[in-house]
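Step one of this worksheet: look at the structure below.
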Amino acid sequence: MKKMKRFVAILLASVLALAMLTACGEEAPQSLGQRAEKVLMDSLNKAYNTSYENDADLKNKVTAVLNKIDENGEIAATDIPLAYLEGSYNFPGYLEEKDNTYIATYLMVASASGSGKKLKALEVTEESLKNATSGPSTSSGKKPDAIGVASIEKNGKTYIGVALKMVINK
């Protein structure tokens, strides 16, 4: 239980640290969204000491939720899937049971600010990417089994989200 809470805390900190991240040496992808995806993937890989590629299935799940962002940059709370891990708590994402394990996919696509029914989507700007410094350097707790990051452009703004997949023994 404590490891899961730490995992969720690291996930939230990593996503919220996006505004403080920097892109490293390699030639940057052309769009703001592609650059932000790379920065977030690099940050999460650094935090978990991994070298994951952007998982296509998870990226598609994030994209499906990001596509529900409205013209005000908000997403209805009901448009974000909610899963419940028995004996634990609700979390934004998906939960599957398989062979005496849970496969949990945590989604982070919006900040907690908003009216309750609508949440503010995570927006990326040139300024936030330019002023980024570094993300989390270490992680305590369980490493994810896969990471997916996606971005979309809507009404001239770029939004980003992340999904982390974790296999948890029952």
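Computed from phi, the 3J(HN,Hα) profile of the range 159-170 under the Karplus parametrisation 6.51, -1.76, 1.60 (θ = phi - 60°) reads 10, 10, x, 9, 10, 10, 9, 9, 9, 10, 6, 6 Hz, with x in place of Gly and Pro. Sorting L129, L44 by solvent-accessible area of protein heavy atoms yields L129, L44, largest first, with a 1.4 Å probe.
Peptides 75-84, 59-68 ordered by packing proxy, namely the average of other Cβ atoms within 10 Å per residue, highest first: 59-68, 75-84. Using R0 = 30 Å, the C-beta based FRET efficiency linking K68 and T101 works out to 0.55.
Counting only Cβ charges, +1 for Lys and Arg and -1 for Asp and Glu, the dipole size of the range 39-81 around its Cα centre is about 160 debye.
Sort K154, K98 from largest to smallest accessible area, using a 1.4 Å probe on the heavy atoms of the protein chains.
Result, largest first: K98, K154.
Accessible area per residue was computed with a 1.4 Å probe on protein heavy atoms; D57 scores about 80 Å².
The values are calculated or read from the model by the stated rules, or taken from the named source; none is laboratory data. Since the structure is predicted, the reported quantities are computational estimates derived from the model, not experimental observations. Reconstructed Cβ throughout: ideal geometry from the backbone, glycine too, with neighbour counts over all protein chains shown. Just so you know, the surface numbers come from the protein's heavy atoms only, side chains and all, with ligands and any DNA or RNA stripped out. Shrake-Rupley method; radii C 1.70, N 1.55, O 1.52, S 1.80 Å.
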